[in-house]
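> A single structure is presented below for examination.
What follows draws every value from the coordinates through simple rules; no lab data is involved. Because the structure is predicted, anything quoted here is derived from the model rather than measured. Positions of Cβ are generated from backbone atoms using ideal geometry, with glycine treated the same way; all protein chains shown enter the neighbour counts.
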2 protein chains.
Amino acid sequence: MARITIVGLGLIGGSLGLALRRGQVEHELVGYDADAQAARAAQRRGAVDRAVGDLGAAIDGARLVVLATPVLAVRELLAALGPLLAPGCVVTDTASTKTAVLRWAAELLPDVAFVGGHPMAGKETSGVAAAEETLFDGAIYCVVPPPDAPPEAVATVADLARAVGAEPYFLSPEEHDSYVAAISHLPFLMATALVSTTSQAKSWRDMAALAASGFRDASRLAAGDPVMYRDICATNREAILHWLDRYAEALGRLRALVVEGGGELEAAFEQARKARQDWERRPRERGQEAAGPAPRFGERLGHLFLGGLDRRAPRS
Amino acid sequence: MARITIVGLGLIGGSLGLALRRGQVEHELVGYDADAQAARAAQRRGAVDRAVGDLGAAIDGARLVVLATPVLAVRELLAALGPLLAPGCVVTDTASTKTAVLRWAAELLPDVAFVGGHPMAGKETSGVAAAEETLFDGAIYCVVPPPDAPPEAVATVADLARAVGAEPYFLSPEEHDSYVAAISHLPFLMATALVSTTSQAKSWRDMAALAASGFRDASRLAAGDPVMYRDICATNREAILHWLDRYAEALGRLRALVVEGGGELEAAFEQARKARQDWERRPRERGQEAAGPAPRFGERLGHLFLGGLDRRAPRS
């Protein structure tokens, strides 16, 4: 029975553990968290078979180590892991930016098979109490290998994605960081600016009483973990500023149309509405397995997950 | 049996009808829509007892007329209604801005008891097919009377709010328009600008595959009815520009902190997170009935709803 170790037992680490145990993976699931209370809570919730209070003991003999922490903590962990990893161990992470993480892995663990990961699922609540075994069901799971990654290591991380109910999606760190800046980091900053604007207004108490589902959705991401987002901004600054500036331009164009008050404003609304509806109705992505460039790793023999894994049918 | 007429049988008008019928209101519910197909669909869904194809016939003898159309159509209707209304009829609307509507009512229906209304509930889908009898359950329902409104007319609209499961909330048209600009119209423009920015990017197809629940929530309002929002911008321009500019300033401050990369960025995130969490956990508003300045209209005798109305206990 091979060991999988999850380092960082918050929302994502805890949900990965719960999803893996739901899949009846025949591996020992060990957890570590620098916060001993969080580690105990994860064990009580059944997110790991056992929580171990020492990082070295937790990853001792592990075939797969998953770092499920904010980005800057990943760097510290990569530095600490070097001397502790078993030969052949695959290391992955779940952090929200990938360029910096892959650079650190190349610097700090040059001889270790590291493959970046990022499940596109989350909630505005954090901590293992918010973890869910279904969090990744049907989600896209970005798999971001360095150019020289051993195919078996890539296959292992892709199988981890499938094992938790998600679809692996292969892309380069630069693509990943630009896309998530636009569709995830920018929306967080939008929500934060909205909450700053409204909650600091003199009339906030009255406004707050009227605010309904539109405000709820528009502001939801502002409740996200400040440390996670601080680290995201520190490691994806250029892409975030790029999209923030494009967004400010779009807002400025809308402002001009509101002032003008002509038919162009309605046309702009109509165009955005159609794009949003097309996105909502888009055919479900099946990772890129049907048509994309990535090999069908799942059919390879001999890597970590084969045999032990209860492969549920993909959801339609 | 008195008649209530709903003019405009879309999402809001249809949901009002369904909610009133759920409450087993002992009134005849008549519907009118300029679009005959929409009117028939509303009748088939049971949102009205019957749809009438002629506006005059639809409101003939009505004790309460509810205008549930986009703002600019309210103006046209107010102009058309004058000669058709029965003496003592109360007219209300459900439109998203109130200053212009009250001005038009004073100009076009000087002798009619008009009280503005705005239920703070909605969806990004429109049309009677999307209507729900529970749409207003627990929602705040803004009641915006002109200074000279007869108390019975105000009481009737407040009781309409209660009859559909909502809580009446009394405020002036200027307060209303400023608050909804901040917590509803601004979020719509934010979502529209986000969708414009991302969907016109070269990499949209790949981004769209990665976009998950964060993007879904941040962009949802962009799928709203373009005509409704065009009318909102036309009739609430100043308040919208005010809040749009405050929002752009807040975004600019965040941008500067992202560039700086210091601890202030995390502090700004933490502050917004706390404000968002406080809002989410705020005590449920009970309209203003417990403590506010408005009289308990529901206890008056003799007005339209008393007797006929199945008063369900308010939800806690």
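> Under a Cβ-only charge scheme (Lys and Arg +1, Asp and Glu -1), can you give me the dipole magnitude of the range B:175-280 about the Cα centre, in debye to the nearest 20?
Working: 12 positive and 15 negative charges, 89 e Å.
The calculated dipole for the range B:175-280 is roughly 420 debye.
> Taking the Cβ-Cβ separation of residue B:253 and residue A:111 as r and a Förster radius of 56 Å, what is the calculated FRET efficiency to the nearest 0.05? Intermediate values should be presented prior to the final figure.
On the way: r = 44 Å, r/R0 = 0.79.
Given R0 = 56 Å and the Cβ-Cβ separation, E is 0.80.
> Continuing with the same structure: Of the residues B:263, B:31, B:252, which exhibits the maximal mean-square fluctuation in a Gaussian network model of chain B defined by a 10 Å Cα contact cut-off?
Greatest mean-square fluctuation among the candidates belongs to B:263.
> Relative to 2.2 N^0.38 Å, what does the C-alpha radius of gyration of the range A:175-280 come to as a ratio? Two decimals please. Can you show the working numbers first?
Details: Rg = 15.8 Å, N = 106, 2.2 N^0.38 = 12.9 Å.
Cα-based Rg divided by the globular estimate yields 1.22.
> Another question about this same structure. Taking the Cα centroid of the range B:176-220 and of the range A:94-144, what is the distance between the two, rounded to the nearest whole Å?
The range B:176-220 and the range A:94-144 have Cα centres spaced 25 Å from each other.
> Given the range B:85-185 reduced to its alpha-carbon atoms as identical point scatterers, what log10 I(q)/I(0) does the Debye formula return at q = 0.12 Å⁻¹?
At q = 0.12 Å⁻¹ the computed log10 ratios are -0.39.
> Let me ask something additional. Anything over 22 Å Cα to Cα? Flag those among B:98/B:123; A:98/A:123; B:123/B:202; A:123/A:274, in the order listed. Could the numbers behind the result be given before it?
Values: B:98/B:123 20 Å; A:98/A:123 20 Å; B:123/B:202 30 Å; A:123/A:274 27 Å.
Going by Cα-Cα distance, B:123/B:202; A:123/A:274 fall outside the 22 Å limit.
> Can I ask one more? Take peptide A:259-269, look around each residue's Cβ out to 10 angstrom, count Cβ atoms belonging to other protein chains, and average those counts. Before the final figure, lay out the partial values.
Values: counts 4, 1, 4, 1, 1, 0, 6, 7, 2, 7, 14.
Taking the mean over all residues of the peptide, I get 4.
> If you take the charge dipole of the range B:175-280 about its Cα centre, with +1 on Lys and Arg Cβ and -1 on Asp and Glu Cβ, which of B:233, B:254, B:197 is farthest toward its positive end?
B:197
> Taking the simple approach of a point 7 Å from Cα along Cα-to-Cβ for both residue B:1 and residue B:125, what is their distance in nm?
Placing both labels 7 Å beyond Cα along the Cβ direction yields 3.1 nm.
> Let me ask something additional. In degrees between 0 and 90, to the nearest 10, how far off the longest principal axis of chain B does helix B:11-22 point, with axes built from Cα atoms?
Once rounded, one gets 50 degrees.
> A further question on this structure: Summing Lys, Arg as +1 and Asp, Glu as -1, what charge do residues with Cβ under 14 Å from the Cβ of residue B:88 carry, residue B:88 excluded? Show your work: numbers first, answer last.
Values: positive: B:3, B:63; negative: B:60, B:111, B:152.
Summing Lys and Arg as +1 and Asp and Glu as -1 gives -1.
> Hey, another quick one. Kindly list the residues of the range A:79-113 that lie in the label zone of residue A:54, defined by a backbone N under 17 Å from the point 7 Å along the Cα-to-C-beta vector.
A:80-86
> For chain A, what percent of Cα pairs sit more than 32 Å apart? It would help to have the intermediate numbers written out before the result.
On the way: 15746 of 49770 pairs.
The proportion of pairs with Cα distances above 32 Å equals 32 percent.
> Can you give the mean number of other chain Cβ atoms that lie within 10 Å of the Cβ atoms in peptide B:247-253?
On the way: counts 7, 6, 3, 10, 11, 3, 2.
Partner-chain Cβ atoms within 10 Å, mean over residues of B:247-253: 6.
> Would you mind checking the range A:183-210 for residues with the amide N under 17 Å from a putative spin-label position 7 Å along Cα→C-beta of residue B:172?
From the range A:183-210, the list is A:202-207.
> A further question on this structure: Starting from 0 in steps of 20 Å, tell me what percent of the Cα-Cα pairs of the protein assembly as shown lands in each bin.
For the protein assembly as shown, the pair-distance distribution reads 19, 44, 28, 9, 0.
> So, one more: Quantify how strongly other chains surround peptide A:237-246 by giving the mean number of their Cβ atoms within 10 Å of each of its Cβ atoms.
Working: counts 3, 0, 0, 4, 3, 0, 4, 6, 2, 6.
What the average comes to for A:237-246 is 3.
> While we're looking at this one, here's another question. Expressed as an acute angle from 0 to 90° and rounded to the nearest 10, what is the orientation of the C-alpha long axis of helix B:99-108 relative to the principal long axis of chain B?
So the helix axis and the longest Cα principal axis differ by about 30 degrees.
> Determine the dipole magnitude for the protein assembly as shown: charges of +1 sit on the beta-carbon of Lys and Arg, -1 on that of Asp and Glu, nothing else is charged, the reference point is the Cα centre, and the result goes in debye to the nearest 20.
960
> Shifting gears a bit: By how many degrees, 0 to 90 and rounded to 10, does the Cα axis of helix A:237-260 deviate from the longest principal axis of chain A?
On a 0 to 90 degree scale, this one is about 20.
> In what sequence do B:202, B:98, A:123 fall when counting other Cβ within 10 Å, fewest first?
B:202, A:123, B:98
> I want to check the label-to-label distance for residue A:137 and residue B:134. Put each point 7 Å from Cα in the C-beta direction and report it in nm to one decimal.
2.0
> In debye, nearest 20, what is the charge dipole magnitude of chain B about its Cα centre with +1 on Lys and Arg Cβ and -1 on Asp and Glu Cβ, if you could check?
760
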